[in-house]
1. From the phi of every residue in the range 8-13, what ³J(HN,Hα) in whole Hz does the Karplus formula 6.51 cos²θ - 1.76 cosθ + 1.60 yield, where θ is phi - 60° and glycine or proline is x?
2. Please sort 91-98, 68-75 by packing, taking for each peptide the average over its residues of neighbouring beta carbons within 10 angstrom, highest first.
Amino acid sequence: MTTAILVFIAIMWIPVGLFLLGKGEPKGTGYITGAVGALVVITAIVQATFFKDVWTAGLLFAHGLLYLTTSFALLAGLEDLRSVGNVSLTVCLISLVYTLVWAIGTDILPRVNPWGSTGTVVGFLVRRSSHRLRKPV
């Protein structure tokens, strides 16, 4: 379910990026951003209640609020975007904490291998290339 919402988030940034490049209008872009923001917040609630994964839900909820704030700024035509910047900074700090916990690990949440598990392409390529570097005995 998280993968599907990440696809929606990635697609949302296309109209936002085009709007920032001068193509498009704020009402349509704000609507799309708001729809994705609401969907992300709903997904965070579902992730926490039904899947019992509050760790992922917390990160989804923070990003969903950022998208809803961005949507409000676009729809309301705000010229002073400091409030959006403050929310963005808060989400940045939350993401930094998540990154550190994933990198270091805790008793509850084990450290995540940055090269991937045995089934991923990156993990396979790293093991395969390191295997070729060994000298035969």
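Readers should treat all values here as calculations from the given coordinates under stated rules, not as data from a laboratory. The shown structure was predicted, so the numbers you read here are calculated from the model rather than taken from an experiment. Positions of Cβ are generated from backbone atoms using ideal geometry, with glycine treated the same way; all protein chains shown enter the neighbour counts.
1. 4, 5, 4, 5, 4, 6
2. On the way: 91-98: 13.2, 68-75: 20.1.
For the peptides 91-98, 68-75, the packing ranking is 68-75, 91-98.
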